[in-house]
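The next block holds one structure in the form of structure tokens; read it before the comments.
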Amino acid sequence: MQPDRPESWDGRIFLSFDLDWAPDAVIAATVDLVEEAGVAATWFVTHDTPILRRLRANLRFELGIHPNFLPLLMQGNGANGGSAGEVVDRLLEIVPEAKSVRSHSLVQSCRLSDLFRSRGLTHEANNFIPEADGTVLQPWLDTSGMIRIPYGWQDNFWCSPGPASGAISLAPRPGLRGYTFHPVHIFLNTEDMSRYEAARPDFRDPSALAGHRNAAVPGVADMLERVLDLASPEAVAARFKVA
Ligand SMILES: [Zn+2]
């Protein structure tokens with residue numbers, strides 16, 4: 001995606017998934033859906049795990065990194081601790097081919113963008129602009145040299161009360177169309193964040209987690225299927241780093 005080449009983003013759909021430390025079996029359920037649709041997607045990686053091999057084997061997929069700066073902001077010193085540079089470098093050891101990045105909880109600053117650029121990353125997707133706002137989205141080149149990629153829909157915001165949080169317009173619209181999902185919300189078919197909170201004790205146990213699945217009302221998995229239906233016949237799904 002290049003800002004000055006509208007054909008690389010205008011009217012295209014960008015599907016991305018933040019792994020958020022989900023177990024492989026939970027991630028695999030999402031990969032199955034995306035591979036069945038045969039569309040391109042970007043996967044933001046949080047940890048080293050065998051399923052990365054499966055993601056890398058699909059040439060439609062791109063792997064980016066999903067650094068967690070929250071322990072730094074909270075002055076913590078856990079497994080994700082250390083300087084921001086250490087957090088990024090640790091993930092780049094796992095995903096050395098990464099060109100794209102989205103921070104966990106969308107943590108961003110001009111210092112972080114400079115850091116990303118210095119490590120060879122080129123595309124940053126840390127700007128959520130609610131689709132219902134009606135803003136026509138397009139990428140831009142910021143002063144750090146990073147290409148910034150806004151997106152208009154994210155699963156956990158859809159599941160939360162708040163202005164514009166529930167909108168998902170699948171009608172063709174001008175500009176860049178970006179959607180962000182999390183495997184755990186697809187696995188649970190989350191329709192309300194209270195379901196996710198209630199399932200929290202079983203996050204590491206996929207079979208127990210399956211017992212929390214929503215089958216009653218439309219949820220995140222249903223939303224993904226609608227987006228995939230739109231993305232595949234039009235062949236408009238795209239990755240971040242390649243037009
Ligand atoms: Zn995250």
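Laboratory data are not the source of any read-out in this text; all were calculated from the coordinates shown. Computed from a predicted model, the values in this text were never measured in an experiment. No Cβ is skipped: glycine too gets one built from the backbone with ideal geometry, and neighbour counts run over all protein chains shown.
Distance between Cα centroids, the stretch 173-198 to the stretch 105-133: provide it in whole Å.
Between the Cα centres of the stretch 173-198 and the stretch 105-133 lies a distance of 20 Å.
In whole Hz and in residue order, list the ³J(HN,Hα) couplings for the stretch 15-21 that follow from phi through the Karplus curve 6.51 cos²θ - 1.76 cosθ + 1.60, θ = phi - 60°; x for Gly and Pro.
9, 9, 9, 9, 5, 6, 6
Among 26-37, 182-193, 201-212, how do they line up from the highest to the lowest mean number of other beta-carbon atoms within 10 Å?
182-193, 26-37, 201-212
Can you work out the FRET efficiency for the pair D114 and E7, with r the C-beta to C-beta distance and R0 = 25 Å, to the nearest 0.05?
After rounding to 0.05, the efficiency reads 0.30.
Would you pull out the residues with amide H under 5 Å of N127's amide H, same chain only if 5 or more places away, H placed 1.01 Å from N?
I149, Y151
Go ahead and set up a Gaussian network model of the chain, Cα springs under 10 Å, then flag whichever of L55, L72, L121 fluctuates most.
Between L55, L72, L121, it is L72 that shows the largest mean-square fluctuation.
What fraction of the Cα pairs in the chain, stated in percent, has a spacing above 28 angstrom?
Pairs farther apart than 28 Å: 28 percent.
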